Amino acid sequence: MIEAELKARVRSPEEVVRRLDALAEARVEVYRDTYYDRSDRSLEEAGEELRVRTVHGAEGTRTVLTFKGAEVDAESGSKPEYETRVENADAAHAILRGLGHKECIRFEKRCRNYEFEAHGRRMLATLVRVPEIDGTFLEIETLVEQSDLASALDAVRAVLADLGIGAEDLTRELYTDAVAARRRG
């Protein structure tokens with residue numbers, strides 16, 4: 001499946017929260033993300049991602065292992081995504097290290113997640129704050145077959161517009177890059 005996703009910088013977080021709260025109930029969660037690569041950085045060079053995410057929320061803690069392939073849409077950066085829940089976060093980290101992967105970066109995301117139907121699709125809207133990065137971000141995504149990507153991205157753009165987010169607010173900046181740049185000083 002392709003994760004049809006767009007990300008934007010949010011100028012008026014309180015207004016976006018108000019509009020999202022009218023669509024669905026928020027699920028407040030903290031993500032602890034660890035990204036891995038091979039020692040030759042070949043995943044990064046190919047535009048691929050390998051991540052262990054541990055999510056802490058009111059409903060408990062869960063960990064997911066995710067692989068994202070290279071982007072299939074240059075404008076949005078949408079990628080194939082393969083994700084599975086793992087029972088033991090420490091074991092997932094140990095397996096990846098045992099297979100020769102190196103930890104590249106680890107950071108925290110504070111999220112308000114909203115799941116809802118819009119424009120005939122199941123959507124996930126995530127309002128994101130990364131303590132090491134200035135600003136608030138909004139990610140809107142839906143999972144689709146590659147043949148349906150253009151239509152899905154149109155629906156994602158429509159949801160962003162419904163939330164008061166314009167094309168000028170869209171960003172392709174990666175959290176991993178922004179956090180790494182901040183840490184370098």
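Results, tabulated for the structure shown:
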{"item": "Of all residues in the range 136-147 being touching a residue at least 24 places away in the same chain (Cβ under 8 Å) and not hydrophobic (A, V, I, L, M, F, W, C), the one that is surrounded by the fewest Cβ atoms within 10 Å (Cβ to Cβ)", "result": "GLU145"}
{"item": "Boolean, LEU153 is assigned to a helix (DSSP H, G or I) and in contact (Cβ under 8 Å) with a residue 40 or more places away in the chain", "result": "yes"}
{"item": "Single residue of the range 146-158 satisfying the filter (in contact with a Leu (Cβ under 9 Å, 6 or more places away or on another chain) and not charged (D, E, K, R)) that is farthest from ALA118 (Cα to Cα)", "result": "LEU153"}
{"item": "Failed condition for VAL52, given (1) more than 17 Å from GLY77 (Cα to Cα); (2) surrounded by 15 or more Cβ atoms within 10 Å (Cβ to Cβ); (3) over 17 Å from the mean Cα position of the chain (by Cα)", "result": "(3)"}
{"item": "In the range 92-149, residue nearest to GLY69 (Cα to Cα) [restricted to those that are within 19 Å of the chain's Cα centre (by Cα) and assigned to a helix (DSSP H, G or I)]", "result": "GLN146"}
{"item": "Members of the range 97-134 found to be basic (Lys, Arg) and surrounded by fewer than 16 Cβ atoms within 10 Å (Cβ to Cβ), listed by number", "result": "ARG97, LYS102, ARG106, ARG110, ARG122"}
{"item": "Enumeration of residues in the range 133-172 that are within 11 Å of LEU6 (Cα to Cα) and not hydrophobic (A, V, I, L, M, F, W, C)", "result": "GLU139, GLU141, THR142, ASP154, ARG157, ASP169, THR171, ARG172"}
{"item": "Number of the exception - VAL10 against (1) out of contact with any Pro (no Cβ under 9 Å at 6 or more places or on another chain); (2) more than 20 Å from TYR175 (Cβ to Cβ)", "result": "(2)"}
{"item": "Number of positions in the range 28-62 that are farther than 23 Å from GLU132 by Cβ and in contact (Cβ under 8 Å) with a residue 40 or more places away in the chain", "result": "2"}
{"item": "Lone qualifier among GLU75, GLU71 - being part of a loop (DSSP other than H, G, I, E, B), out of contact with any His (no Cβ under 9 Å at 6 or more places or on another chain), modelled with pLDDT under 95 and not β-branched (Val, Ile, Thr)", "result": "GLU75"}
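The values are calculated or read from the model by the stated rules, or taken from the named source; none is laboratory data. A quick note: this is a predicted structure, and the numbers were derived from the prediction, not measured. Glycine gets a Cβ as well: all are built from the backbone with ideal geometry, and neighbour counts include every protein chain shown.
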